[in-house]
Amino acid sequence: MAIDLDTPLEIGDCTLPNRLYRAPLLECAGNGSDAADRLVAELEPAAESGVGLIFQGATIVRGEGGCAAPGMTRVHDDEFVAGLSAVADAVHDHGGRIFAQLEHGGLRSMETWHAEYREKHPGLEQLAVSRPPWQLRALDRLGFLAYDPHVLSTAEVYELAADFGRAAERLVDAGYDGIHIAGANMGIVQQFLSPFYNRRDDEFGGSLRARTRFLEVLHDEIRERAGDVPLVTKVPAETAAPPVVRRRLSLDDGVRIAERAAAVGYDAVVPVQGSVVWDMSIVRGEYPKRAWEDDRFSAGYAAAFGSRLRARIVAALNRLQSLQYDFEPAWNADFCGRVRARVDVPVLAEGGIRGRGEMDGLLGDACDAVGVGRPFYAEPRLGARLLDSDGGRAVCESCNNCAVPQATGAPGVCRTPSVLEARGRLDRAGAYDRDE
């Protein structure tokens, strides 16, 4: 049967009204008394526009440490998470479904890279799968990163997995429809999977099968505590790793991880290609010149990176990476297609997907659902245009001016005048109106 964006999809026992989803983004909602309201303001417009599935961005399963960026929401506290029922209710009111993404940053946490945060939290250690690789220790010696790692014992690995399970239970009790494991983007789950990070000699290290063990334990903990809730994970391939990195996850490795995830009971997988470190291979696109030169953020950049000079060095490296990682439409499509040929669960594709035509072309071939991320910063009700039978295309220019200021704690919003003007014209023309 031919499928397109409007065809319903089942993930586990959850039926989605269509195959368009909002990919996880950083909402910067934090854990204050207004966190639920901020999440509703961020996520409800997508559901109102008809998007079938909303992935709330990465939430941290522990009460301290582990945040990869400022403003991330922690889900370790029962009372706080119960208050997030308002978020689930807001999405459900428009017929959508919402899954929460669970994360811990490990060696990518703020206590590694954010200078001001380190100064304010001098006692924080980073959770580590193994001793940091020599490439990262070299950056530590040069002063760009700072490591004080705590390598997890076998018992502590199980306890961390239990924290994921407890967080899942809280969120499901609050009305969330499913759970998404942040298995890529250099968080601790990828660190377990990757031979670059994982040199353990216990049951969680060694062969690819052993390195996948943490994903299996996460599955079991969530099933035990939250029941048969739909469970999704990202699956990484480290194809963009620098040449000096010899130990990395290949595409073949990524396919095998996806096969194993499906075999142990994950209800869907999201294959993504990136690197072993946080770089522009994740977002791709243009160098965000406007954001780096915006005086409103200069003090925040200096606080994050240690000084104005270091902030300028980071910006220069960002410029070099933008030359290496040009924007490539649907850059994960080939990886998704290879996985889809080997698993019997839905495969979700994201990364550089912008238009209705390419979405319908990917569905049924490379994937079973398509996700859009940063364009929702520019068009919070983008779904109404993409789900229109006449098709549409996001006005996002992949300039990344929305993303870089998030290092300072600024919210993810579009700051590019030409894009905002285009959105304004569409809004005045009624392009985001939708009859529910």
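Using a 7 Å offset from Cα along Cα-Cβ at R223, what residues in region 241-266 end up with backbone N under 19 Å from the label point? Those under the cut-off are 257-266.
A DSSP coil position with no more than 16 other Cβ atoms inside 10 Å describes the following GluC sites (Glu not before Pro) in region 111-183: E125. Along region 215-225 the Karplus relation, 6.51 cos²θ - 1.76 cosθ + 1.60 evaluated at θ = phi - 60°, assigns HN-Hα couplings of 4, 5, 5, 4, 4, 5, 5, 5, 4, 5, 9 Hz to successive residues, with x for each Gly and Pro. Counting only other residues whose beta carbon sits under 15 Å from that of P132, what net charge do I get with K and R as +1, D and E as -1? That sum, taken over residues with Cβ under 15 Å, equals +3. Region 407-422 and region 252-274 have Cα centres separated by 33 Å.
For the chain, the 222 nm mean residue ellipticity estimated from helices alone, with every DSSP H stretch of n ≥ 4 adding -39500 (n - 2.57) and the total spread over all residues, rounds to -11000 deg cm²/dmol.
For region 115-240, the Stokes-Einstein estimate of translational diffusion at 37 °C and a viscosity of 0.692 mPa s comes to 207 µm²/s, using the Kirkwood hydrodynamic radius over alpha-carbon pairs. Taking the convex hull of the alpha carbon positions in region 52-191 and averaging its projected area over all directions gives 8.8 nm².
Put simply, the amide H of A128, placed in the peptide plane, has neighbours under 5 Å in H150, V151, L152, leaving out anything fewer than 5 places away on its chain.
Packing, taken as the mean count of other beta carbons within 10 Å per residue, orders the peptides 200-206, 362-368 from highest to lowest as 362-368, 200-206. The distance separating the Cα centre of region 307-348 from that of region 352-403 comes to 16 Å.
At 1.4 Å probe radius, can you tell me the per residue accessible area of the chain in Å²?
Dividing the accessible area of the chain by its residue count gives 39 Å².
Per-residue 3J(HN,Hα) values for region 303-319, derived from phi via the Karplus relation 6.51 cos²θ - 1.76 cosθ + 1.60 with θ = phi - 60°, read 5, 5, 9, x, 5, 5, 5, 5, 4, 5, 5, 4, 4, 5, 5, 4, 5 Hz in sequence order (x marks Gly and Pro). Comparing mean-square fluctuations of R290, R141, R211 from a GNM of the chain with C-alpha springs under 10 Å, the top value falls on R141.
Database remark: amide H of L9 closer than 5 angstrom to the amide H of L16, N18 (H placed geometrically; neighbours at sequence offset of 5 or more, or on other chains; Pro and chain starts carry no H). Neighbours of D77 by Cβ distance under 11 Å: Lys/Arg scored +1, Asp/Glu scored -1, total +2.
Taking volume of the Cα convex hull per residue in Å³ as calculated from this structure, the corresponding entry among (i) 130; (ii) 119; (iii) 201 is (i). Each peptide among 265-274, 239-248, 338-347 gets the average number of other Cβ atoms lying within 10 Å of its residues, and from highest to lowest they stand as 265-274, 338-347, 239-248. Given Cα pairs under 8 Å that are at least 6 residues apart, what percent is the relative contact order of region 235-284? With pairs under 8 Å counted, the relative contact order is 47 percent. Here the contact order of the chain, divided by its residue count and restricted to Cα pairs under 8 Å and six or more residues apart, works out to 17 percent. Per-residue 3J(HN,Hα) values for region 342-352, derived from phi via the Karplus relation 6.51 cos²θ - 1.76 cosθ + 1.60 with θ = phi - 60°, read 10, 10, 10, 10, x, 10, 9, 10, 8, x, x Hz in sequence order (x marks Gly and Pro).
In this structure the amide hydrogen of H180, modeled in the peptide plane, comes within under 5 Å of the amide hydrogens of A100, Q101, L102, V232, none closer than 5 places in sequence on its chain.
The share of accessible area on region 73-164 that comes from carbon and sulfur is 51 percent, using a 1.4 angstrom probe.
Can you order the peptides 426-432, 100-106, 375-381, 252-258 by their average number of other Cβ atoms within 10 Å per residue, highest first? Let's see the in-between values first.
Working: 426-432: 13.1, 100-106: 26.0, 375-381: 23.1, 252-258: 21.0.
The packing order, highest mean first, is 100-106, 375-381, 252-258, 426-432.
For region 127-185, the equivalent ellipsoid derived from the Cα gyration tensor has semi-axes of 32, 15, 9 Å, listed largest first.
The values are calculated or read from the model by the stated rules, or taken from the named source; none is laboratory data. Just so you know, these numbers come straight off a predicted model, no measurement behind them. Quick reminder, even Gly has a Cβ in these numbers, built from the backbone with ideal geometry, and neighbours come from all protein chains shown. Ligands, DNA and RNA are stripped out before the accessible areas are found, and what is left, the full protein with its side chains, is counted by its heavy atoms. Shrake-Rupley method; radii C 1.70, N 1.55, O 1.52, S 1.80 Å.
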